[in-house]
Amino acid sequence: MAINPPTSMKRDRTTDRAYVRWKNTKIYFGKWASTEAARAFAKWLSDVISQPTIVKPKDRITVTECVEHYMHHALRYYSRDGQPTGEYANVFYAMQSLLRFAGGRHDYAEEFGPRRLIEIQSALASDTNEDGSELKLARNTINARIHRIRRCFRWCASQELISAHIVTALDMVQGIPKGRTAARDTSPIDAVDVSVVRATLPFLSPTVSAMARIQMLCGMRPQDICGMTGAGIDRTAAIWLYRPSSHKTAHLGRSLVKAIPPAARSILEPFLRDDASEPLFSPADSLSYWRSLERKPTTTSKQQAGTRRPYTTASYGKSIVYAIGRAEKVGVTIPHWAPNQLRHSIATQLRGTSGIEAAQLFLGHSKPDTTLIYAERSIEAISEIARQLVSPFDDPQ
């Protein structure tokens, strides 16, 4: 696989500058965590990945070269603000699977057909770890990887690197159906009981506690609460509205508006910042809180300057895991749960009190038979649902 350029900057603590190491050279972009450094890095990354590549005749390009070309494209396409998204990581793992099971480096793409793809599909279903233990990828994960492999060849065909008939043939391969193979199925995401969430709150930092309650009350996805900024909140009406700058279906051209119920607003207000572009919730705040409990010196203002970053969905989820671990140490047993279950919890409550259509509207579900376009009437509807929403957190921290 081609050596890709670095997708994140490092900090030179001696000069407090952001840099990357590329081709045995340190390239500096400016003051660490500054907007100027981020912009300079994004421009550098765009210039690097847009460099022209040498194209071979269609009948001579190998599978490995197809992957190299596609990963070059994916790094640019699946990036946001100069940083690769989660989909880029998914593509990377799919391409690893393709190269692992596709054969030697000199296998020509023209010879790659449905039978080879089915062999990869079967190999993933019975794959093992390096120690010989079963890896047991989920059926949905295997199907997603096969889909991304097909996407790689489809993109190569669109660039006239390979013949289109290869894509047509690979599209004949179907995903693994449920219950027809040994591939395991993942359990559906269930709602977490409110009592479980309430039991966890005392073991969370005030920042993560607020995130969990606001996310549930607003019916948000984890990425929506993690990326929340004051700039995205419309505070002109009695019911505040939050418009995430990026969300799950943004690439489909869909807008997203979340109504903030009064109970969530009271939790949110103390976290609003003077700089509306800054993230409302940052691990730096939680770190300061835990350090204060341990009577350790907090980070100085000079160290804090320019380092405020938002929670990621991964760090947010780990915070819940750590909280459950803290509870166990003092003899409190809390069932494991994850932030993405909070959305299902409020959906369950709304279906019982307001009906399924109101729940779908409030959560922003988009179904083939009920396409949601946030016109004025829709905003009024979700605002009314938010106004009547009864908070399950009677005594929030």
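If Asn129 passes every condition in (1) modelled with pLDDT of 90 or more; (2) surrounded by fewer than 18 Cβ atoms within 10 Å (Cβ to Cβ); (3) closer than 28 Å to Thr313 by Cα but one, which one does it miss?
Tallying (1) modelled with pLDDT of 90 or more; (2) surrounded by fewer than 18 Cβ atoms within 10 Å (Cβ to Cβ); (3) closer than 28 Å to Thr313 by Cα, Asn129 fails exactly one: (1).
Checking the condition in contact with a strand residue (DSSP E or B) (Cβ under 9 Å, 6 or more places away or on another chain) and either at pLDDT 90 or above or not acidic (Asp, Glu) (or both), which residue from Pro177, Pro202, Pro244 passes?
Matching residue, one of Pro177, Pro202, Pro244: Pro244.
Can you tell me how many residues within region 184-204 are in contact (Cβ under 8 Å) with a residue 24 or more places away in the chain and over 30 Å from Ile142 (Cβ atoms)?
Number of matching residues: 11.
Give me the pairs: first residue in region 319-345 and within 12 Å of Ala191 (Cα to Cα), second residue surrounded by 18 or more Cβ atoms within 10 Å (Cβ to Cβ) and charged (D, E, K, R), beta-carbon distance under 9 Å, and six or more apart or on different chains, which are they?
So the pair list comes out as Pro339/Arg221; Asn340/Arg221; Leu342/Arg213; Arg343/Arg221.
Out of all the residues in region 54-73, is one or more under 28 Å from the mean Cα position of the chain (by Cα) and modelled with pLDDT under 80?
no
All but one of (1) more than 26 Å from the chain's Cα centre (by Cα); (2) modelled with pLDDT of 95 or more hold for Ser209, so report the exception by its number.
(1)
Would you check if there is a residue in region 42-51 being modelled with pLDDT under 80, in contact with a Ser or Thr (Cβ under 6 Å, 6 or more places away or on another chain) and surrounded by 14 or more Cβ atoms within 10 Å (Cβ to Cβ)?
Looking for residues that are modelled with pLDDT under 80, in contact with a Ser or Thr (Cβ under 6 Å, 6 or more places away or on another chain) and surrounded by 14 or more Cβ atoms within 10 Å (Cβ to Cβ), one finds none in region 42-51, hence no.
Any idea which residue in region 1-37 is modelled with the lowest pLDDT, counting only those that are touching a strand residue (DSSP E or B) at 6+ places or on another chain (Cβ under 8 Å) and among the aliphatic types (A, V, I, L, M)?
Ala33
Looking at Lys318 and the list (1) in a helix (DSSP H, G or I); (2) at pLDDT below 80; (3) under 16 Å from Thr200 (Cα atoms), which single condition is not satisfied?
If we test Lys318 against (1) in a helix (DSSP H, G or I); (2) at pLDDT below 80; (3) under 16 Å from Thr200 (Cα atoms), just (2) comes out false.
The values are calculated or read from the model by the stated rules, or taken from the named source; none is laboratory data. Being a predicted model, the structure only gives us computed values, none of them experimental. Don't worry about glycine lacking a Cβ; one is built from the backbone with ideal geometry, like all the others, and counts go over all protein chains shown.
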